[in-house]
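The values are calculated or read from the model by the stated rules, or taken from the named source; none is laboratory data. Computed from a predicted structure; not experimentally measured. Cβ: placed from backbone, ideal geometry, glycine included. Neighbour counts: every protein chain shown. Note: areas computed on protein heavy atoms with side chains; ligands, DNA, RNA excluded. Shrake-Rupley method; radii C 1.70, N 1.55, O 1.52, S 1.80 Å.
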Amino acid sequence: MAGMKIRKARLGDVGAIFAIRSRVRENHLSASELAERGITKAAFGKWLSDGYGIWIADLDGSAAGFAIAIPHESTLWALFVDPDFEGRGVGAALLRMAEEWLFAQGCDDISLTTGADPNNRAHGFYDMHGWHSTGDVDGDEIEYIKSNPSLSLFDFSEG
């Protein structure tokens, strides 16, 4: 998409990331709810130094969304798009970047959790991009998984 660039996040992006996270309409958490989960601006530098994959989608010079992946957990931990930029391919571009990066880190099966509310748009979004719900619900979160597509090319066990 013209005008969109996905890039690795830097320490200076922490403000934009937290601004986007506070603006989302679904799976919204307040600053204090995030802090209870250890999600703070102070923790951001540690995530970068711990090797988390963190990307920003820049759209026409604005931070339009972000994704965070944790390779040692084979997890897409966060993917959020600023409501002002929804419907412009930002989420799909970030998802593709995070998936490809996790698979390149040697993760065979990757997972994510999202709000279990069946009305959340995230369910259709992840389904459309080849993720499958495990049906595993933990509190108010449901798990999705996706397998590395390059591995399935050589799997003849199901024939």
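Among the residues that make up the range 91-99, is at least one of them modelled with pLDDT of 95 or more, in a helix (DSSP H, G or I), open to solvent by 30 Å² or more (accessible area, probe 1.4 Å) and not acidic (Asp, Glu)? Looking for residues that are modelled with pLDDT of 95 or more, in a helix (DSSP H, G or I), open to solvent by 30 Å² or more (accessible area, probe 1.4 Å) and not acidic (Asp, Glu), one finds at least one in the range 91-99, hence yes. Is it true that Glu86 is more than 16 Å from the chain's Cα centre (by Cα) and without any contact (Cβ under 8 Å) to a residue 40 or more places away in the chain? No. Apart from one condition, Gly12 fits all of (1) over 16 Å from Phe85 (Cβ atoms); (2) touching a residue at least 40 places away in the same chain (Cβ under 8 Å); the exception is (2).
Where strands (runs of 3 or more DSSP E) sit wholly within the range 1-76, those with at least 1 residues that are open to solvent by 50 Å² or more (accessible area, probe 1.4 Å) occupy 4-8. When Pro71 is tested against the conditions (1) more than 26 Å from Leu48 (Cα to Cα); (2) touching a Cys at 6+ places or on another chain (Cβ under 7 Å), the lone failure is (1). In the range 100-117, the qualifying residues are those that are more than 11 Å from the chain's Cα centre (by Cα) and under 17 Å from His28 (Cβ atoms), and the one that is surrounded by the fewest Cβ atoms within 10 Å (Cβ to Cβ) is Asp117. Checking the structure you have, find out if any residue of the range 136-156 is among the aromatic types (Phe, Trp, Tyr), at pLDDT 95 or above, in a strand (DSSP E or B) and open to solvent by less than 70 Å² (accessible area, probe 1.4 Å). The answer is yes, given that some residue of the range 136-156 is among the aromatic types (Phe, Trp, Tyr), at pLDDT 95 or above, in a strand (DSSP E or B) and open to solvent by less than 70 Å² (accessible area, probe 1.4 Å).
Screening Gly87 with (1) open to solvent by 20 Å² or more (accessible area, probe 1.4 Å); (2) of a type outside the set (D, E, K, R); (3) over 23 Å from Ile20 (Cβ atoms); (4) assigned to a loop (DSSP other than H, G, I, E, B) gives one miss only, at (3).
So for the range 47-62 (the condition being farther than 25 Å from Met4 by Cα and out of contact with any Gly (no Cβ under 9 Å at 6 or more places or on another chain)), does at least one residue qualify? Yes - at least one qualifying residue is present in the range 47-62.
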